[in-house]
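Participant: Here it is, the structure in full.
The values are calculated or read from the model by the stated rules, or taken from the named source; none is laboratory data. Keep in mind the model is a prediction, meaning the values are calculated, not measured. Heads up, the Cβs are rebuilt from the backbone with ideal geometry, glycines too, and the neighbour counts pull from every protein chain shown. Heavy atoms of the whole protein, side chains included, go into the accessibility calculation; ligands, DNA and RNA do not. Shrake-Rupley method; radii C 1.70, N 1.55, O 1.52, S 1.80 Å.
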Amino acid sequence: MTLTTPGARSGAPAFTQLDALESEAIHVMREVAGEFERPVLLFSGGKDSILMLHLARKAFWPASVPFALLHVDTGHNFPEVLEYRDATVAEHGLRLVVAHVQDAIDDGRVHERPDGSRNALQTVPLLDAITSHRFDAVFGGGRRDEEKARAKERVFSLRDEFGQWDPRRQRPELWDLYNGRHKPGEHVRVFPLSNWTELDVWRYIEREGIPLPSIYYAHEREVFARDGMWLAPGQWGGPRADERLETRTVRYRTVGDMSCTGAVDSTATTVADVIAEVAASRLTERGATRADDRASEAAMEDRKREGYF
């Protein structure tokens, strides 16, 4: 038996995979808005958080987005991404909360790492912001195709009063029914993009015409080689004396702290070019370009247990 959607029978355009993913994400966002008192959306200016914001605007249109944005600023951000973040917030009249890693360093609660990376130091300011603003639901852009630990996570992921994640406390989510119950002091991380892949993200960006920071497309940049990746120089401490700067045509598949986010050689200057490149890749974006995930087989899971995104 061939099954068709009502739209297909009536002559309307078929309900596509992207439509299904969009519908699921919007359903999750509306569930959170109806069930929680103080949701917040993590927004770094990276493509996944940009996609989440686009979905949130669609979910509540013509009303405004009913929750704030939260960015954990490492102090080692790509300037293009910060410019995009601030322009987007201003354009749509959004409220942005910024938590600074530098504040936690100045207070002596976290300490600079020898390699200069501040990516792992984001947990303390993140949990501080959640506690001080009493956020009870935090939207994140994590996807199950990115990394093994994220593949374990539910759409609604309970965190305890210390912000920590315990895989054994994951709740069943049968028939798209989500359990947001939590005790005082606990909160829930929510991942509307759980079932998306990197390729889905780019195809949706193409379909919706979503603008992105320029570093997602091929451009010339000074970089140096470290641990099989092209890293950009910056105040975080790179390059070392034995590392040589060279100008290459690169782009970024994912955006994080400059100290641990590698560029890839690329000639992809359009969304269509990027889609073709991603479709041919056999490495996940984090596996190919994130040094912090190479520390150990369980690097991401260890950070998540401590309260990381």
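Participant: Residue check, Pro39 against (1) over 18 Å from the mean Cα position of the chain (by Cα); (2) of a type outside the set (A, V, I, L, M); (3) open to solvent by less than 40 Å² (accessible area, probe 1.4 Å), all met but one. Which one?
Facilitator: The failed condition is (1).
Participant: Same structure, new question: Answer yes or no as to whether Tyr252 is outside the structural domain of Glu24 (by the TED database) and under 14 Å from the mean Cα position of the chain (by Cα).
Facilitator: Details: outside the structural domain of Glu24 (by the TED database): yes; under 14 Å from the mean Cα position of the chain (by Cα): yes.
It is true that Tyr252 is outside the structural domain of Glu24 (by the TED database) and under 14 Å from the mean Cα position of the chain (by Cα).
Participant: Next question, about the same structure. Hey, Asp242 hits all of (1) open to solvent by 10 Å² or more (accessible area, probe 1.4 Å); (2) at pLDDT 95 or above but one; which does it fall short on?
Facilitator: Going through the list (1) open to solvent by 10 Å² or more (accessible area, probe 1.4 Å); (2) at pLDDT 95 or above, Asp242 breaks only (2).
Participant: Being out of contact with any helix residue (DSSP H, G or I) (no Cβ under 8 Å at 6 or more places or on another chain) and among the small types (Gly, Ala, Ser) is the filter; apply it to the stretch 65-91 and report the residue that is farthest from Tyr216 (Cα to Cα).
Facilitator: Ala68
Participant: Which of (1) touching a helix residue (DSSP H, G or I) at 6+ places or on another chain (Cβ under 7 Å); (2) open to solvent by 30 Å² or more (accessible area, probe 1.4 Å); (3) without any contact (Cβ under 8 Å) to a residue 60 or more places away in the chain does Leu158 not meet, given it meets every other one?
Facilitator: (2)
Participant: Say whether the condition of being of a type in the set (S, T, N, Q) and assigned to a helix (DSSP H, G or I) is met by at least one residue in the stretch 14-29.
Facilitator: Looking only at the stretch 14-29, we keep the residues that are of a type in the set (S, T, N, Q), and these are 16-17, 23.
Next cut, assigned to a helix (DSSP H, G or I) only: 17, 23.
Checked against the condition, which is being of a type in the set (S, T, N, Q) and assigned to a helix (DSSP H, G or I), the stretch 14-29 yields at least one hit.
Participant: While we're here: So which residues in the stretch 87-127 are part of a loop (DSSP other than H, G, I, E, B) and either under 26 Å from Ser64 (Cα atoms) or of a type in the set (Asp, Glu) (or both), if there are any at all? Steps first, answer last, please.
Facilitator: Applying the first criterion (part of a loop (DSSP other than H, G, I, E, B)) to the stretch 87-127 yields 93-95, 107-118.
Result: Gly93, Leu94, Arg95, Asp107, Glu112, Asp115.
Participant: So, in the stretch 203-242, of the ones that are acidic (Asp, Glu) and touching a helix residue (DSSP H, G or I) at 6+ places or on another chain (Cβ under 7 Å), which residue ends up farthest from Ser49 (Cα to Cα)? Spell out how you get there, then give the answer.
Facilitator: Step one: of the stretch 203-242, the residues acidic (Asp, Glu) are 206, 208, 220, 222, 227, 242.
Remaining after also requiring touching a helix residue (DSSP H, G or I) at 6+ places or on another chain (Cβ under 7 Å): 206, 208, 227.
Working: Glu206: 16, Glu208: 15, Asp227: 27 Å.
Top of the filtered list is Asp227.
Participant: Please work out if Asp227 is within 30 Å of Pro114 (Cα to Cα), of a type in the set (D, E, K, R) and in the same structural domain as Pro39 (by the TED database). Please lay out each step first, then the result.
Facilitator: Working: within 30 Å of Pro114 (Cα to Cα): yes; of a type in the set (D, E, K, R): yes; in the same structural domain as Pro39 (by the TED database): no.
Here the answer is no, as Asp227 does not meet what is asked.
Participant: Something else about it: Please count how many residues of the stretch 264-282 are part of a loop (DSSP other than H, G, I, E, B), closer than 18 Å to Val223 by Cβ and touching a Phe, Trp or Tyr at 6+ places or on another chain (Cβ under 9 Å). Working first, answer last.
Facilitator: Kept after step one, since they are part of a loop (DSSP other than H, G, I, E, B), are these residues of the stretch 264-282: 266-270, 281-282.
Applying the additional criterion that residues be closer than 18 Å to Val223 by Cβ yields 266-269.
With the extra rule that they be touching a Phe, Trp or Tyr at 6+ places or on another chain (Cβ under 9 Å), the set shrinks to 266, 268-269.
Result for the stretch 264-282: 3.
Participant: Is there any pair linking a residue in the stretch 134-145 that is under 16 Å from Ala99 (Cα atoms) to one that is among the polar types (S, T, N, Q) and crowded, with 20+ Cβ neighbours inside 10 Å, with Cβ under 9 Å and at least six apart or on different chains, and which?
Facilitator: Phe139/Ser49; Gly140/Ser49; Gly140/Ser157
Participant: Looking at Leu193, Leu177, which one is open to solvent by less than 10 Å² (accessible area, probe 1.4 Å) and not basic (Lys, Arg)? Step through it out loud before you land on a result.
Facilitator: Details: Leu177 fails: open to solvent by less than 10 Å² (accessible area, probe 1.4 Å).
Every option except Leu193 fails the conditions.
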